[in-house]
1. Provide the per residue accessible area, probe 1.4 Å, for the range 230-325, rounded to a whole number of square angstrom.
2. Rounded to the nearest 20 debye, what is the charge dipole size of the chain about its Cα centre when +1 sits on each Lys and Arg Cβ and -1 on each Asp and Glu Cβ?
3. For the range 512-558, would you read off the P(r) tail past 12 Å as a percentage of all alpha carbon pairs?
4. Per the 1.4 Å probe, what fraction of the accessible area of the chain, in percent, lies on carbon and sulfur atoms?
5. Restricting to the chain, compute how many DSSP beta bridges are antiparallel as a %, nearest 5.
6. Projected onto the charge dipole of the chain (+1 at Lys/Arg Cβ, -1 at Asp/Glu Cβ, origin at the Cα centre), which of 372, 525, 213 gives the Cα projection farthest towards the positive end?
7. What is the packing order of peptides 527-534, 279-286, 220-227, 25-32, taking the mean over residues of other C-beta atoms within 10 Å and listing the highest first?
8. Could you state the orientation-averaged shadow area of the convex hull built on the Cα atoms of the range 315-419, in nm² to one decimal?
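The values are calculated or read from the model by the stated rules, or taken from the named source; none is laboratory data. The shown structure was predicted, so the numbers you read here are calculated from the model rather than taken from an experiment. When we count neighbours, we look across all protein chains shown, and the Cβ atoms used for this are built from the backbone with ideal geometry, even at glycine. Just the protein is used for accessible areas: all its heavy atoms, side chains included, with ligands, DNA and RNA removed. Shrake-Rupley method; radii C 1.70, N 1.55, O 1.52, S 1.80 Å.
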Amino acid sequence: LFNVGFEPLGRRGSCPEGQSLLDCARLLDVDIVSLCGGVSTCKRCVVQVVSGSVSPPTPEDMASFTEEELKNNYRLACTTYPESDVKILVPPESLSAPQRTQVEGLDLQVEPDPFVRGLKVHVQAPSLDAPESDDQSLWVALQNGHGIGPGQIDLKVQQDLSVRLRDQSWKAAVALRETEIVAIGTHAARWLGMAVDIGTTKVAAYLVDMETGKVRASMGMMNPQISYGEDVVARIYTAGKSEENARKMQALLVDALNGTAASLCEEIGADPSHVVDAVVVGNTAIHHLFLKLPVRQLGMSPYVPAVRSAVDIKARDLGLHLAPGAYVHLLPNIAGYVGADHVAMLLATEMDAQEGIILALDIGTNTEICLNCRGTMKSVSCASGPAFEGAHIQFGMRAAAGAIEHVRLSGEQLEIQTIGGEPPVGICGSGLLDVIAQMLNNNVIDRSGRMNAHPLVRTRDGRKEFVLVERSDNGDITVSQRDVRELQVAKAAIRIGIQALLQDAGITERDIEKVIIAGAFGTFIDVESAVTIGMLPPLPLERFSQVGNAAGTGARMALISRSRRRAAQRIASQDGYIELASIPDFNRKFAAASSMSWQ
Ligand code: FES
């Protein structure tokens, strides 16, 4: 028996000798993508051996990896056998979708230097000889113990201060934000912060230890505002129609965040009153709705935000139940459709410090793209729509058990992989991208997206459809001509955004040295499929990197680092913005961009 550990999931256990890493993963319920079922043809089960020894690379490994990658111990899980206890790193793209959640992102390489500091104090009790007021005594203790001069005390904290100092024998911990005390607790109190990335469809939240900067708990959930419209344009319209709608949408979000704070705290045995700072990022419309700012002007040319600068506001003024005096910091916006979440993504990927020509995309219901061309950053926003979330697709579904997430077609031979290996029930975004790329490669559709005659294409009710799974009980799972069109619209929006940036910079896609793909969906997609259908530029695959939820990472950075918070402001003011609607001949260009090739 060998001890096998799979990171970053942290799952480990014993596996019998003679079992491949893929077998071990299955034994330990780690869902590694294996489209070919483990016969070494799909090359999807890539893992990296971090420690311990394994069997030497096979010819399949040698065909799949560069020399450099082999030296760095990259292997196919299905051809590799442990020869000792081993630790294995599973890259996100080798994991089945539910195991990659929208909270995963880049590791933080930031020294904690938060706006809110935790300080322990031992306060001198008053006496008849020294009848100091409680607030004065507290500031004297802070001066003596930490060299901190007098500042302000939040009124709610002040209301609690006298009783608390006496109950706790004059020992306490305070949370100090610049010069203001925003919370007071027991001497042992451990202060927390919350970073939240509010997407149009999904929300990712992280509870962070303010001293170490480490994530203590995290969770993803749906944005409850979805009932008021699937995309931001619909939500702007609904909120603009009546104040009541806007109020309800804000309240829904606040309730969800209060619930999230409570469950994250419960998970680690803490209380939301220990959350002394929060950073929230979202696109401009979500940012405005959250702050109860008007959104109507976002829906009208020239689409300007009400506020661009970063905002600091008391959490309680928004209805959030955190520490009594806690603030919420919202990163700055860039434009009406390029918001604080994009700034957070640029912060996390250090776009401003990158050299050469770099493209970064955050793919979602709304896709923001930034091109850094030798030090000049410009961004665009494109309405890619909810097709990637499975919406408006006949058998579309979210990335959940039974969703078809990967597809290979060769002639009439179909191979599908579902999430969790469950019987197929529908198709999620990455599966849709895969199946359409495979249909294109096998001439089931042509470059215009039209379906051709093919043994797996049939006509039902006068409409053509591609049969993906035949099911006797629940009816077949098919991809319709309309589904293909939906994906074409989504991909055209992204492609036209990239092309507008390239044109503005006077370069071509061949000049791009690196493409960073952020966002939960961006992590799940098969880049090769996205290139095949002309959604992403045809560049060598090694120029692409998939970094997970970078907006969430940026929010965490701004939570624990003052310098990163300042950098966000700098990035927002440096980044230029191109309004796609102002591009001449937009409609004709959009139609051309829906063709299933880059050119
Ligand atoms: S499972 Fe297909 S190559 Fe390993």
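1. 43 Å²
2. Using only the charged Cβ atoms, the result is roughly 1200 debye.
3. Here the long-distance tail beyond 12 Å is 62 percent of all Cα pairs in the range 512-558.
4. The value for the chain is 48 percent carbon and sulfur by accessible area.
5. 70 percent
6. Of 372, 525, 213, it is 372.
7. Listed from highest to lowest mean packing, they are 279-286, 527-534, 25-32, 220-227.
8. The orientation-averaged projected area of the Cα hull of the range 315-419 comes to 11.6 nm².
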